[in-house]
Structure formats: C-alpha cells, structure tokens
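These notes are about the structure you will find just below.
Nothing in this text is a laboratory measurement; each read-out follows from the coordinates by a stated rule. Note that the structure is predicted; figures quoted are calculated from it, not measured. Virtual Cβ from ideal backbone geometry, glycine too; neighbours counted across all protein chains shown.
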Amino acid sequence: MTTTPINELLKRPIAWKTWGADPTVRRLLSGLQANIVKGHGREHTRNLFWSFQGADPNDLRAVVRRIGRNMPSALDQLQAAERFKETGVSGGPVLCFFLRPGGYAALQAAAAAPSAADFVEGMQVRGSSPAVTPPINDPPVAQWDATFQQPIDAMLLVAGDTAAEAAQTADLWKGRLEAAGATLLGFEDGTAIKRRVAEKFEGVEHFGYVDGRSQPLFLAEDVEGEPRSHWDPAFPPHQFLVQDPGADRPTSFGSFFVFRKLEQNVKGFKDQEEALSTALGLAGGPFEERAGALIVGRFEDGSPVALNPLPTDMPPPNDFTYAGDEQARRCPFVAHIRKTNPRGESPLHIAQDFGVATTTRQERGHIMARRGITYGSRVFDDAANDFTDEPTGGVGLLFMAYMASLSEQFEFTQATWANNPNFVAAGTGADIVMGQAAAGPIPIADGWSGGAPVTFSFDRFVTLKGGEYFFAPSRDFLKAV
C-alpha cells in the first residue's frame, strides 16, 4: 500500500482509481464535496440562497451535519459515474453546500471560516471596490435581483437528472432548514441546453455556442483521454483546492466558489453578429457564420476559428494554441475564448507591448474550474437542430466556478483579462461576450478572407443580475460542525 504525502498528491492530476491502494487519495476524495474535481453531470439544478439570522444554532448545526452526511463525496460521485457507464443507472441527486462568513458565525463556527479578505468582503463590496484594481465593474447592487441585494449566509445546490428530482430534493432540505429557523431568500433553477454536434449532443449556452470544452482537468484518468500535442489540459489540484481551516485532518480540503447570474440578450447579440457579417462582406454567403466565430473564438459547433474558416461539425477540439496565429489574423485578440484562456500567448504579447515579464505557468495559474449551467426556457426545433426564438432577457448562465483564490483567479480573469481593452495586446478591446468595460469601436478583421479590418462598436448583451463569493467546506467539517 502506497501513502502519498498530501502536498505531493496535489502537485499533479490525481489518479483517483488508486483510492483503494493509497489512503491519502481515499481520505482526500472522501472528505471533499462532489462537483469540484469533476462536474456532477446532472442536467437540472436548484440553487437555494439562505439567511441564517435568527436561526437556532443547535438546530441549524444539526441540519448542516445531516447535509454533510447525505451529500455524496467526490469519491462517491466518481464511483457512481463509473457505475452509470456500465449500467445506465443514475447515482441520484447531488447536494453541495456553501457558506459565507455570516453562515459560519450563525453556526457558532466563525473561527472555522477562511480569512481571505476577498472572501470576507464578498461580491457586493468587491464588484465596485476602488481597492480592486483593475476594477471588476459590476453594475450597482441596487440593479441586481432582489435575492442578491440581501446578505446571504449560505447556498445549497441540488442537482438532479430531472427538474422534478432537483425540485423535490430541494424541497426536502428546504423544509429541514426552515424548521431550524433559516430563511429562504430565493432560488435559481438551471437547465442544461444542448444541440447536436457530430451526432452527439453537446452543451451550449444561449447564444448558441458549445460551452465548457476547455475545462482544466485535475484527474489523471480524464487527462489520459485527451490529445495533448499542443495544449496541456492537465492542472495541479492545488490550483482549485485549499486546506479547510474548519477541519483538523491534513486531507480535509475545500474550495472557494463564485456564483454569478448572467442574463443574456440573445436577440441583441444575434443582431450584432448579423451586422458584423454584413460589415465584413460575409452575409448571405457560405462564410456568414464566421462573424460570430470572430467574436467568440469558436463557431457554434465548437470549431476554433484560429484553425478553421468554416464549422467542421466534428467533436470540438481542445488541443490547440494560437502559436500559428500570433498576429491574430484568423482569431482576433478580442475573441472571448482568447481573452479568457490565452493558451500560453500572453507572456509574449505582454512583454512586447508593456515590457512586463510573465510566464506561461503564471498565466495558467489564473484558470478556474467552471461548473455553470444555463437557465431559462427556449424553443428548440429538432429538425433544424436550432432554437427558433431569440429572447431579449429571462435566459442566461448561472456561472459557477471553483478555485483556490478568488482574487487571483475569478477577479483576475474578469478584471485583468476580460475587461481590459489592452489584453492580450494593446488596443484589443474588452471581451465582447463577458467584458464589463464600456463598449466602444474596435477594429475587427477577417484574416481568412484577407479583407481590410472594419471598425465596429459592440454593445453589451450579458448583464450581471447578482451573485456572491462562497466557500465549499470539506465534508469532514460539515459532518462535525
């Protein structure tokens, strides 16, 4: 039997199937909540936001301990997924539980809360704080949905294979928490939407683009299944896991967690795509879809525009970089996926344009483990393999991500990359999809056709409706609080 020191285990992707032979792997994954090392795989979620103010601490702790005992661990989740592949039998609903500093205090466990300033201050403060530079530029809290304008102490995420399963499981725990004196502030339902790509259904977001293909992988078994000739999707687990200050075991880990409700104006975005297609001379021809790909960085089917002038209807690749497109002639620097995952190119351009030394390792250190899901209903035509409606609101993304540092991962990605008009290179413009900087004219060129750049002004079609920073404690803490 091999016992790997925990610090060594977290330096490289974890071979989780060694759990029976390595006690450190077993203890780490047994003490860790599900959904962190790998997405839960369910297509329906309900996120419930709680205030614990006025709740009886003893009753509240009893319910939280019960949640900790009933939620699947990371190891449970991975084993259930293997059984599902063999039998087709689902592992059932998944529970995940997250706390704010006020939640720890209400549980009379304030000393167990992480002390990081970004976590303590929270999204309401950090989103508009002058101390955060460059700024995150969140809209004023008064413009957020009512749920998120209030102090939130905890969030319970329930995931199920059907909407009914997620809702019924959520109602069960809602009743138990309310009986302990907790107050439900609101909830958000998520439903995955999909389209056929290469005869397989792939998850997409509401603008129609395949989403989530470039996830960082920190399980060795997942890495083994990926091509790695150009881009390495393997990341060290310590980039997403931190020691739980509320548990004594050296193998008790948790993760900082960001939740953001992002509303999408689908009609506005699609109208802008068409306007850009016309401006570039692509409208009405075989290449008209390329206008959207220049904005996003991929065609709707996930084909990277840096590699292809047309969608390929092949499984979306992840093994690519921008090494063959250093001057952004095929994929503009402003494209969403290039802004938020520059794939090793930022050290070159930052050194050239700003004289600042950085490394690819530092660049990779800002990547988060995203676990988001779309919300809102759409009308889908199976024959056309497309949505027939274009809502201006009421649909969007429940952005969720795990990380070891809120400021160095989420905040850095949003403020220094997405919002920054001079990243990846000077004069690039803010991320058209997720940026929260003022919109303005930027040059867009279609290098595949060799046409001259056009100056185009993009509006903002993604709006933050609220959110919060949380910590996902270890199951060890939750079961013993």
Projected area averaged over orientations for the range 287-358, convex hull of C-alpha atoms, nm²: 4.7 nm²
When DSSP beta bridges are limited to those with both residues in the range 183-302, what percentage is antiparallel, rounded to the nearest 5? 90 percent
Pairs beyond 26 Å (Cα-Cα), from K261/K479; K339/K465; K11/K200; K174/K200: K261/K479; K11/K200; K174/K200
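Express the relative contact order of the chain as a whole percentage, based on alpha carbon pairs under 8 Å and six or more residues apart in sequence.
Working: 999 pairs, mean separation 108.8, N = 481.
Computed over the chain, the figure is 23 percent.
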Out of S377, F387, T455 - ranked by how far each Cα lies towards the positive end of the dipole of the range 363-481, with unit charges on the beta-carbon of charged residues - the top one is S377
Within the range 120-159, whose backbone N sits under 12 Å from a point 7 Å along Cα→Cβ of E408? none
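Considering every Cα-Cα pair within the range 246-397, what fraction, in whole percent, is farther apart than 27 Å?
On the way: 4471 of 11476 pairs.
Tail fraction, whole percent: 39.
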Cβ charges +1 (Lys, Arg) and -1 (Asp, Glu), total dipole of the range 1-151, debye: 480 debye
Compute, for the range 320-413, the length of the dipole vector about the Cα centre, with Cβ point charges of +1 (Lys, Arg) and -1 (Asp, Glu) only. Units Debye, rounded to 20. 360 debye
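Rounded to the nearest 5, what is the percent of antiparallel bridges among the DSSP beta bridges in the chain? Working shown, then result.
Details: 61 of 63 bridges.
About 95 percent, rounded to the nearest 5.
Treat every Asp and Glu Cβ in the chain as -1 and every Lys and Arg Cβ as +1, leave all other atoms uncharged, and give the resulting dipole magnitude about the Cα centre to the nearest 20 debye.
Numbers: 45 positive and 57 negative charges, 259 e Å.
For this selection, approximately 1240 debye.
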Largest first and rounded to whole Å, the semi-axes √(5λ) derived from the alpha carbon gyration tensor of the chain read 37, 24, 23
In the calculated pair distance distribution of the range 77-179, what percentage of Cα-Cα distances lie above 21 Å? 56 percent
Would you grab the residues whose amide H sits under 5 Å from the one on N420? Only those 5+ places off in sequence or on another chain, please, with H modelled 1.01 Å from N. D431
Could you compute how fast the range 351-438 diffuses translationally, taking Rh as the Kirkwood radius over C-alpha pairs and applying Stokes-Einstein at 20 °C with viscosity 1.002 mPa s? Give it in µm² per second. 136 µm²/s
Rg and Dmax of the range 1-151, using alpha carbons, in Å: what are they? 19.1, 57
